[in-house]
Structures are given as structure tokens and as C-alpha cells.
Amino acid sequence: FVHMPHATPPAAPDRPSGGTGAPLVRLSRVNKHFGDLHVLRDIDLEVARGEVVVVIGPSGSGKSTLCRAINRLEPIDSGEILVDGVPLPAEGRALARLRADVGMVFQSFNLFAHKSVLQNVTLGPVKVRGRSAPEAREQAMRLLTRVGVADQAQKLPAQLSGGQQQRVAIARALAMEPKVMLFDEPTSALDPEMINEVLDTMVSLAKQGMTMIVVTHEMGFARKAADRVVFMADGQIVEQAAPEEFFANPRSERAKDFLGKIL
Ligand code: ADP
Ligand code: MG
């Protein structure tokens with residue numbers, strides 16, 4: 001393995017202040033309706049390389065739709081979404097490849113129930129990234145080790161706890177070597193004692209410089225790992241600020257009201 005000399009500090013991840021230029025994710029005037037319901041209203045959002053953005057807001061405010069739109073699981077009506085400068089194509093192989101640049105972890109773990117943990121992690125890289133099976137296995141074991149479930153590799157998802165399954169889901173997303181990871185309330189379906197093991201995995205990912213958009217009401221995570229908190233209500237970004245500023249001084253009535261209910 002490559003030994004890092006102790007004298008050399010690890011390279012700092014590119015933070016927004018690092019000035020590396022174009023945002024990694026850019027939404028411009030994005031609108032989305034479900035029938036008469038205007039769920040995303042003129043959303044403008046830029047996420048820099050290495051930035052961790054936490055999205056919070058009341059239920060029904062459009063947070064999941066926003067995540068799904070970024071991954072093109074949900075088509076938008078107008079506006080533009082660029083990932084690393086490129087719009088996601090509408091369909092086909094190009095979509096599969098570019099969608100793999102955007103890793104997604106859902107509330108429900110969405111693992112393939114009839115495949116082993118290991119197969120869950122190797123499938124995408126072999127099919128979409130064109131990895132050889134041995135290569136994919138080696139990488140999967142490395143990632144499963146990183147999220148602390150390597151000893152579960154041969155089991156079926158149902159044999160794991162919820163927290164373990166969610167960590168497998170994170171490993172599976174990372175196996176595609178995404179440029180950005182989206183998390184949509186990744187801990188809200190977990191028993192309380194399992195929440196921290198998943199949050200800890202996410203914090204360490206953030207510290208390693210991964211670009212992340214995280215929908216969560218875990219304010220401890222926001223304080224620890226977020227560069228920015230984005231507050232949504234009724235399909236709009238109502239305000240955004242650094243976590244310490246947002247929690248100490250929410251400006252809008254809606255944000256004050258919301259924080260009053262969850263804190
Ligand atoms: P959040 O994740 O913030 O709770 P969502 O993005 O899930 O909000 O939903 C935003 C609004 O859009 C809600 O009113 C929800 O009921 C509605 N909605 C979400 N998905 C659909 C859908 N597929 N069809 C119709 N309405 C939907
Ligand atoms: Mg949601």
C-alpha cells in the first residue's frame with residue numbers, strides 16, 4: 001500500500017472557499033409541478049466541490065422532489081440542472097452513466113433483497129462502470145470495510161440491522177465513484193440506537209471531502225458536518241446560511257417556526 005509520510009499533512013478537500021471555479025451541482029430556476037401543485041418554485045442552488053449542504057424544511061416542502069430531480073428520477077418542467085457542468089441526458093446509456101455520478105441514499109434502504117450484501121455493491125460497477133468482477137469485489141470489500149460491515153458481505157440484506165443495511169446502501173452508492181452524494185432522510189427509518197452509526201459514516205465521508213447534499217432533521221449532523229444549511233418551505237428556498245448562523249439567527253418566520261418545532 002502507499003505509505004503517506006507523516007510530515008505531509010493530508011491534502012485539504014476542495015472547500016467552496018478554495019476557489020476551484022465552477023460549482024459541481026448547479027440548479028437554475030428549476031420548476032416542477034405535480035398537477036396543480038407547484039412543488040419546486042424557481043429553485044436556484046449551487047453546490048461547490050467538497051461542499052456539504054444540509055437541506056431542511058417541513059414535510060411536503062419539496063426536499064425529496066429536489067433530490068429526485070437532481071438525479072433525474074423526477075423530470076422537471078423548466079429550468080436547468082447541471083452536474084459537473086453537464087445536464088443529465090433524458091434517457092439511455094448516457095443517462096445511466098451520468099446518473100452514476102450522483103450517488104443516492106434513500107430513507108428506505110432499497111437494497112436488492114435477493115442479492116448478497118457483496119453483490120449489492122458490485123452490481124452497479126460491473127454493469128454501468130464496466131469493472132471486471134474481481135476488481136469490483138475488491139473495491140466492494142474495501143468500501144464495506146470502510147463503513148464497518150465487511151463481516152456481513154455474504155449475508156442477505158434482511159439478515160442485517162437497519163443501520164447496517166443503510167451503511168451497505170452508502171457503500172453501494174460509493175462504489176460507483178459518484179461526484180456527489182445525495183442523502184434523503186437516511187436515518188429517519190432507523191431505530192434510535194442505529195442513527196449514530198449511519199451519521200458517523202456520513203460525517204467521515206464529509207471530512208474526506210465528498211460533495212454531499214443531505215436532507216435530514218438531524219441537527220447534530222448539520223452542526224458537525226454542514227458547510228451550509230438550506231431551508232425550504234412550499235417548494236422554495238426561503239433562506240440559507242452557515243449552520244451556526246442559521247441555528248442561532250434564523251431570519252424568516254417560517255424557519256423560526258420550524259426550528260421551534262424540531263429543536
Ligand atoms: P418533502 O420531501 O419535503 O417532504 P416531497 O418532495 O416529498 O416533500 O413532496 C412535495 C409535495 O409534492 C408534497 O405535497 C407531496 O405530497 C407532493 N408529491 C410528491 N411526489 C408526488 C407525486 N409523485 N405525485 C403527486 N404529488 C407528489
Ligand atoms: Mg421527503
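The values are calculated or read from the model by the stated rules, or taken from the named source; none is laboratory data. For clarity, every value in this text was computed on a predicted model and none was experimentally measured. Using ideal geometry, Cβ is built from the backbone for each residue, glycine included, and neighbour counts are taken over all protein chains shown. Protein only, heavy atoms only, side chains kept; ligands, DNA and RNA dropped before computing areas. Shrake-Rupley method; radii C 1.70, N 1.55, O 1.52, S 1.80 Å.
If R0 is 35 Å, the Cβ-Cβ spacing of ALA158 and ALA94 corresponds to a FRET efficiency of close to 0.50.
Once the Cα-Cα distance is subtracted from the 0.36 nm per residue extended length, the VAL126 to LEU73 segment shows a gain of 16.9 nm. Quick one: helix 162-175 against the long Cα principal axis of the chain, what's the angle to the nearest 10°, folded into 0 to 90? Its long axis makes an angle of about 80 degrees. Heavy-atom accessible area, probed at 1.4 angstrom with all protein chains present, ranks GLU91, GLU177 as GLU91, GLU177, highest first. Spin-label model, GLU239/VAL86: points 7 Å from Cα along the beta carbon direction are separated by 3.9 nm.
Taking 32 Å as the limit for the C-alpha separation, the pairs LYS127/LYS224; LYS32/LYS155; LYS179/LYS224; LYS32/LYS256 exceed it in the case of LYS127/LYS224; LYS32/LYS155. Heavy-atom accessible area for ARG29, with the other protein chains in place and a 1.4 Å probe, reaches approximately 140 Å².
Note that the chain shows a convex hull volume over its alpha carbon atoms of 152 Å³ per residue.
If you plug the beta carbon distance of VAL203 and PHE34 into 1/(1 + (r/R0)^6) with R0 = 45 Å, you get a FRET efficiency near 0.85. Among the chymotrypsin sites (Phe, Trp or Tyr not before Pro) within segment 90-147, those in coil by DSSP and having at most 14 neighbouring Cβ atoms inside 10 Å are PHE112. A 1.4 Å probe run over the chain, with the rest of the protein chains in place, finds 49 Å² accessible per residue. For segment 186-247, carbon and sulfur atoms together expose 44% of the accessible surface, with a 1.4 angstrom probe and every protein chain in place. For the chain, the longest principal axis of the alpha carbon atoms and the long axis of helix 117-127 meet at an angle near 80°. Summarising the label geometry, the points placed 7 Å from Cα in the beta-carbon direction at GLU46 and LYS115 lie 3.7 nm from one another. Annotation: GLU239 carries an accessible surface of approximately 20 Å², with a 1.4 Å probe and no ligand, DNA or RNA atoms counted.
The calculated FRET efficiency for GLU177 paired with SER59, based on their beta-carbon distance and R0 = 30 Å, is about 0.35.
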